[in-house]
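In what follows, a structure is listed as structure tokens, so that the remarks can point back to it.
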Amino acid sequence: MPDGNSLRILIVDDEPDTASMLSLLFKRKFSAHPETALDCNTGRRKIMERDFNLVTLDYQFPDGNGLELLKEITAMENAPPVIMVTGRGDECTAVESFKLGASGYVVKDGKLSVMLYDTVEHVLSKQVLQKTERELRLSEERYRQMFDNMMNGAAVYRAVDNGSDFIFLDLNKAALDLDDIDLSGAIGNRVTRLYPEVIDTGTLDVFRKVWKTGRPEHHAITRYEDNKIQLWREISVYKLPSGEIVAIYEDITEKKKIEEDLERERAFANRALNSIRDTIYIFDPVGRKPLYWNEANERILGYSHEEFAGKDPLDLCDENDHQRLTDAMLAILGGKDSQVEVCLKARDGGTIPFEFVGGLFQSREGEDAICVVGRDITERKNAEAKLLEINNELEGYAHAVSHDLNGSLSGIAMAVDLLGDSPEKLEPKEYREVTNTIRRNVEKALDRVSSLLTLAESGQKPDKLSNVDIRLVVDDILDELFAQIRLDHIKVHIGENLGCIYADPTQIHQLFSNLISNAIKHNDMTNPEVSVQCLDSGEDGTRTYIVKDNGPGIPPGDMDSIFLPFHKGERTGETGLGLVTVDKIVKVYGGRITAYNDNGACFEFTLRDICSPDK
């Protein structure tokens, strides 16, 4: 029943006193807002102008008949209920009123107040009930339409056997289509009988839990074959106030298959990007936040994934290259691809030279990002430095060889001129001096050419390899130098175990021969001594040797340039390629040689097997 604050009643009666009393009755009994109309036309107009919850209507008016107005009112859409209130009616009038749609009929007599109150209350209650039933039907129809036409499957169940199983009460069209079943075959059937797999998938346990606790649950049913998705359903289960269980489920198998395919493609792309040696780095140019990087960045620079995630590109760049990198980023943002060389800071504190090529890139969110591909150019830089060193060496060789050969050839030319002009005028002593000059300069030129060939070959990687016993090599060299050793009374000390090395025998012989010869040649002590020792033998095949003498040592001015080509000794004034050849051979075998003084000249160097014998 509408409350009094909203109840509007129209009283249509041609007797002013009756209309006034009815109005007072409705105000007191129902707290209503009554309005009055004293004729048919006024009543008709007011009904057309506003809505009323109830109309009381007299039978006879000066301008018309109450039954005619009743007929008009009941024919309206959403017509209010009408109670006929008349003092001249009879049984026929009452019957006719109800036929025309009246909701009540009250006679104006001594019981009017009581009868009218009861009738109004009954009519309004019936009106509310009808409205409720109508709204309920509309609601049921609305939800039925939603239930039947929703895209997701929906089913309603009732618990049986104290919640151990459930039977189908209803299924919508989507649910029937998903499982290709008939509604008549499902209704009243047990879930476990129609779908035995609900036990293994855990769905039945979810139903039982929701039925007992009343709390909604979410559940996924999945089935795989050969590691590929065959079925994936998302189920939401909840309990109705009536105790029934409702399951809303969505078949997202195709969606999951697409996601699975995308994930496989993404994993394949990541494996491909992580397998390349070049670095790939994508970052937000505004906040300079890294968006993606492949594993090569972490592998080369040594940072962990977490450390890399917090790095600004400038944080990775050597401070001296900040401006160069900033200029490159600005060029990229200006729409130009850019190429730049910078040094990056590794986690161990060192720097690594990199070459980067970058351009604009669209991120997943559609925002501009900068993508750079980088390459570690350490090997290239080392090769460039080595090439520069070689070019400098060649330039030095050219100057030195030119100087030495010019000197020799000039001496030969002068001697030839003397012989050519008047050889008969030369005294025998002068003739011998001229021919000896020619011989010495020819031998000097040949020696220099031989040294250059030896130097060129010394830096080449050998192809004739064998296990070389260093003690046997040293013994052969000492045999070659026996006469000089005996003449100068030189005492030679040889270590007990010099070991073996897998190498080219000729190069090893040349290495030790040059060092031992120098130690003998430049030792002017009264009791000269030469020592050859193996200081250390590592597990990786590296051996450390020392060749030393007890002579005057290496002059301080020669120490930094002793291994340079054609270096002229401070003490002897001689130039040569012997120590240059030694340095190159040592480097071929992955070693390093150093010279220092320790009660004489010391040459300490390392050698390593060029490759293992089984290879």
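The values are calculated or read from the model by the stated rules, or taken from the named source; none is laboratory data. Please read these numbers as outputs of a predicted model, since none were measured by experiment. Glycine also receives a Cβ, built like all others from the backbone with ideal geometry; neighbour counts cover every protein chain displayed. In case anyone asks, the SASA skips ligands and DNA or RNA and just uses the protein heavy atoms, side chains included. Shrake-Rupley method; radii C 1.70, N 1.55, O 1.52, S 1.80 Å.
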**Request:** Give the residues of the stretch 104-156 that are at pLDDT 85 or above, polar (S, T, N, Q) and closer than 30 Å to GLY66 by Cα, sorted by residue number.
**Result:** SER113, THR119, SER125
**Residues located in the stretch 89-129, provided they are closer than 22 Å to THR74 by Cα and basic (Lys, Arg)** = LYS99, LYS126
**Item:** Failed criterion for TYR281 (all others in (1) in contact (Cβ under 8 Å) with a residue 40 or more places away in the chain; (2) under 17 Å from ASP376 (Cβ atoms); (3) open to solvent by 30 Å² or more (accessible area, probe 1.4 Å) hold)
**Value:** (3)
**Request:** Can you confirm whether the stretch 218-236 contains a residue that is surrounded by 11 or more Cβ atoms within 10 Å (Cβ to Cβ) and within 22 Å of the chain's Cα centre (by Cα)?
**Result:** no
**Complete:** Pairing a residue in the stretch 573-588 that is over 14 Å from PHE603 (Cα atoms) and surrounded by fewer than 18 Cβ atoms within 10 Å (Cβ to Cβ) with any residue that is of a type in the set (Lys, Arg) and at pLDDT below 70, where Cβ atoms lie under 8 Å and the two sit 6 or more apart in sequence or on different chains, gives GLU574/LYS568; THR575/LYS568
**Asked** Do you know which residues across the stretch 156-171 are surrounded by fewer than 16 Cβ atoms within 10 Å (Cβ to Cβ) and either of a type in the set (Ser, Thr, Tyr) or in a helix (DSSP H, G or I) (or both)?
**Response** SER164
**Asked** Restricting the stretch 350-365 to residues that are part of a strand (DSSP E or B) and touching a residue at least 60 places away in the same chain (Cβ under 8 Å), which is nearest to the chain's Cα centre (by Cα)?
**Response** PHE361
**Condition met for PHE512 (open to solvent by less than 40 Å² (accessible area, probe 1.4 Å), more than 19 Å from ASP463 (Cα to Cα) and modelled with pLDDT of 90 or more)** = yes
**Prompt:** Is there any pair linking a residue in the stretch 128-157 that is over 18 Å from LEU240 (Cα atoms) and in contact (Cβ under 8 Å) with a residue 60 or more places away in the chain to one that is surrounded by 11 or more Cβ atoms within 10 Å (Cβ to Cβ) and hydroxyl-bearing (Ser, Thr, Tyr), with Cβ under 7 Å and at least six apart or on different chains, and which?
**Reply:** ASN152/TYR249
**Asked** For ALA174, which of the numbered conditions (1) part of a strand (DSSP E or B); (2) open to solvent by less than 30 Å² (accessible area, probe 1.4 Å) fails to hold?
**Response** (1)
